[in-house]
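Peer 1: Take this structure, written in structure tokens, and hold onto it; I'll ask about it next.
The values are calculated or read from the model by the stated rules, or taken from the named source; none is laboratory data. Please read these numbers as outputs of a predicted model, since none were measured by experiment. Cβ coordinates were reconstructed from backbone atoms using ideal geometry, including for glycine residues, and neighbour counts include every protein chain displayed. Accessible surface is based on the protein model in full, side chains and every heavy atom, while ligands, DNA and RNA are left aside. Shrake-Rupley method; radii C 1.70, N 1.55, O 1.52, S 1.80 Å.
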Amino acid sequence: MSTALAVLTVAASNLWVRQESTGHVYSLADVPSAPVALVLGAQVDAPGVPSAFLAARLDIARQLYEAGKVKAILVSGDHAEWNYDEPGAMQVWLVARGVPADRIVMDHAGFDTYDSCARANKIFGVRQAIVVSQSFHVPRAVALCRALGIEATGVGDDTARLYKPLWARGQTREWAAAVKAAWDLGIRRDPIFLGPHEIGVETAVANG
């Protein structure tokens, strides 16, 4: 790929993210209510402790639940190896801070943002959600979820900005991640794991 084509591809992909997410990203106080908060996974440190970035996402979800803006929380992350469990750590963190366990649903095959959005829709039947991540990531997540059939809004965390090198790395990574997102959508890639419909989200929303 020539340099000019590469630059054009990156620019077009990031323009798509911006166009699809504009008007759908809110502050915690202003985001409209939705049945479900979709919290996207991130690094879990030993022994099963969410990283600062992930804990910040989870705290937003906790606040959304306590404010009555969501009835259920879908935590989606990587559990490809038995000794590394993002969704399990996310559930433990939320329960320890007062979110009832029966309002939390775990997706153990959310290996990337595309898979998390696709599985939320195809496996868990999510049609409307508030997507939660860091503010540099939320536009891409919202754009993907909306393209995959979810009426998604987003709330982004900014508290993790104090980890300046990690934040800068995340911001830089988004340029390339937008290209991957556009490619995945273009080929309509299936998530790594599919399966039968799961009623966990519907049950949690009904209980809420």
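Peer 1: In contact (Cβ under 8 Å) with a residue 12 or more places away in the chain, assigned to a loop (DSSP other than H, G, I, E, B) and not charged (D, E, K, R): is that true of residue 98 in this structure? Before you say what the answer is, go through the steps one by one.
Peer 2: Details: in contact (Cβ under 8 Å) with a residue 12 or more places away in the chain: yes; assigned to a loop (DSSP other than H, G, I, E, B): yes; not charged (D, E, K, R): yes.
Yes; evaluated as a whole, the condition is true for this residue.
Peer 1: Being at pLDDT below 95, hydrophobic (A, V, I, L, M, F, W, C), open to solvent by 10 Å² or more (accessible area, probe 1.4 Å) and under 19 Å from the mean Cα position of the chain (by Cα): is that true of residue 80 here?
Peer 2: Considered against the rule, which asks whether it is at pLDDT below 95, hydrophobic (A, V, I, L, M, F, W, C), open to solvent by 10 Å² or more (accessible area, probe 1.4 Å) and under 19 Å from the mean Cα position of the chain (by Cα), residue 80 comes out as yes.
Peer 1: Which residues, counting only those in segment 47-102, are basic (Lys, Arg) and within 23 Å of residue 166 (Cα to Cα)?
Peer 2: Passing the criteria: only 57.
Peer 1: Look at residue 134 and say whether it is open to solvent by less than 10 Å² (accessible area, probe 1.4 Å) and of a type in the set (S, T, N, Q).
Peer 2: yes
Peer 1: While we're on this one: For the condition under 14 Å from residue 40 (Cα atoms), touching a strand residue (DSSP E or B) at 6+ places or on another chain (Cβ under 9 Å) and at pLDDT 95 or above, what is the one hit in 120, 204, 160?
Peer 2: 120
Peer 1: Got a sec? Which of 160, 168 is over 15 Å from residue 21 (Cα atoms), open to solvent by 10 Å² or more (accessible area, probe 1.4 Å) and part of a helix (DSSP H, G or I)?
Peer 2: Among 160, 168, only 168 is over 15 Å from residue 21 (Cα atoms), open to solvent by 10 Å² or more (accessible area, probe 1.4 Å) and part of a helix (DSSP H, G or I).
Peer 1: Name the single residue, out of those in segment 15-66 being more than 27 Å from residue 180 (Cα to Cα) and charged (D, E, K, R), that is surrounded by the fewest Cβ atoms within 10 Å (Cβ to Cβ).
Peer 2: 30
Peer 1: Output the qualifying pairs, or none if there are none: Cβ atoms under 7 angstrom, residues six or more apart or on different chains, first residue in segment 196-207 and hydrophobic (A, V, I, L, M, F, W, C), second residue open to solvent by 60 Å² or more (accessible area, probe 1.4 Å) and part of a helix (DSSP H, G or I).
Peer 2: Sorted first by the residue in segment 196-207, then by its partner, the pairs are 204/102.
Peer 1: Okay, moving on. What pairs come up if the first residue lies in segment 175-190 and is open to solvent by 20 Å² or more (accessible area, probe 1.4 Å), the second is modelled with pLDDT of 95 or more and among the hydroxyl-bearing types (Ser, Thr, Tyr), and their beta carbons are under 6 Å apart, counting only those six or more places apart or on different chains?
Peer 2: So the pair list comes out as 179/13; 182/13.
Peer 1: Residue pairs, Cβ under 8 Å, 6 or more apart or interchain, first in segment 158-174 and closer than 15 Å to residue 56 by Cβ and touching a residue at least 24 places away in the same chain (Cβ under 8 Å), second of a type in the set (D, E, K, R) and surrounded by 12 or more Cβ atoms within 10 Å (Cβ to Cβ). List them.
Peer 2: 167/161
Peer 1: Exactly one of these conditions fails for residue 89: (1) crowded, with 23+ Cβ neighbours inside 10 Å; (2) within 15 Å of the chain's Cα centre (by Cα). Give me its number.
Peer 2: Of everything listed in (1) crowded, with 23+ Cβ neighbours inside 10 Å; (2) within 15 Å of the chain's Cα centre (by Cα), residue 89 misses just condition (2).
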